[in-house]
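Step one of this worksheet: look at the structure below.
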Amino acid sequence: MASTLSIPSHMKAWTYSEYGNIEDILKFDPNVPVPELKDDQVLIKVVAAALNPVDYKRALGNFKNSDSPLPTSPGYDVVGVVVKVGSKVKKFKVGDEVYGDIIENALKNPKAIGSLAEYTAAEEKVLAHKPFNLSFVEASNLPLAIITAYQGLERASLSSQKSILVLGGAGGVGTHVVQLSKHVFGASKIAATASSGKLELLRNLGADLLIDYTKVNFEDLPEKFDVVFDAVGQNERALKAIKEGGKVVTIVEPEIPPAIWYLLNSEGVVLEKLKPYLESGKIKPIVDPKSPFPFSNVVEAFAYLKTHRATGKIVIHIHPIP
């Protein structure tokens, strides 16, 4: 192991020791052991973390048969500074600013210590260098959502000859689906749904057809699409909006065949691949206006996440920004 920065033996973290509603079970613990490193991991001093629905679904015990033993400190998305590296780590060194979704497979033995802690350990392969032009708060909102969006568009075989409809275009994943469809996959037309107050955001992100779901049933539109990306759990309706031979991909269970449900596999290589688009400003992280929440207000932030009213991602500020 290599280290040049002072690392405490214990840290502050949010944890829960039983399953239930995350607002009820999550407690602030000022005396959690700092994680031990494996050879392929780095230790990160966490600057910011973003919240995701999988955090509160996991807390409910939805995949407890494959979960890590309790107690758990939740959190998937992280951005911070490397303070220690394992002996097999080649890509990073102490002092590097890194970000990523630290849990490679969300449902299979996720880490007991996630990103809602002052320090967390993560495998080299799930991390990437933070884009130089993004703040720590901006970068923290990207990994899980942008990787999910990218892998879904790959599964849907989106290309420059194809049109796409994004359900939930203003959400954490949807904002990235719209941007990736335009700038990376070159979709011929991008339609997206949102409430009336968020339609201008979709226009700014690159959507061509804006659909106010409070006024229009997208499946009743005469126009049909090659791909529908369902980020809200409306597969049955989505299947009525595709052309013959089109595809529906969804991130919300249960899927209705032939809609394709999938779960991301966290890959730092995807973040590195998208780095030029991020550093050029073509793709922008969308941070909810209420963010960042202070580390002391994590329970309040989860309550807000569960309202489904956030625009983009909800971010927690943990350590002072370097």
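The values are calculated or read from the model by the stated rules, or taken from the named source; none is laboratory data. Nothing here was measured: the structure is a model prediction, and the numbers come from that model. Positions of Cβ are generated from backbone atoms using ideal geometry, with glycine treated the same way; all protein chains shown enter the neighbour counts. The protein model used for the area step is the full one, side chains on, heavy atoms only, and it has no ligands, DNA or RNA in it. Shrake-Rupley method; radii C 1.70, N 1.55, O 1.52, S 1.80 Å.
Some observations on this one:
- Subset of region 238-271 that is farther than 28 Å from residue 224 by Cα and polar (S, T, N, Q) - its residue that is surrounded by the most Cβ atoms within 10 Å (Cβ to Cβ): 266
- Within region 27-41, tally of residues that are part of a strand (DSSP E or B), under 13 Å from residue 122 (Cβ atoms) and either open to solvent by 90 Å² or more (accessible area, probe 1.4 Å) or at pLDDT below 95 (or both): 0
- Condition met for residue 23 (touching a residue at least 12 places away in the same chain (Cβ under 8 Å) and in a loop (DSSP other than H, G, I, E, B)): no
- Count - residues of region 272-307 that are within 22 Å of residue 167 (Cβ to Cβ), surrounded by fewer than 19 Cβ atoms within 10 Å (Cβ to Cβ) and free of Cβ contacts under 8 Å to residues at least 40 places away in the same chain: 2
- Qualifying residue in region 64-73 (condition: in a loop (DSSP other than H, G, I, E, B), of a type in the set (Ser, Thr, Tyr) and surrounded by 18 or more Cβ atoms within 10 Å (Cβ to Cβ)): no
- Subset of region 15-26 [in contact with a Phe, Trp or Tyr (Cβ under 9 Å, 6 or more places away or on another chain) and open to solvent by less than 30 Å² (accessible area, probe 1.4 Å)]: 15, 22, 25, 26
- Region 21-44, residues that are closer than 17 Å to residue 116 by Cβ and within 22 Å of the chain's Cα centre (by Cα): 21, 22, 23, 26, 43, 44
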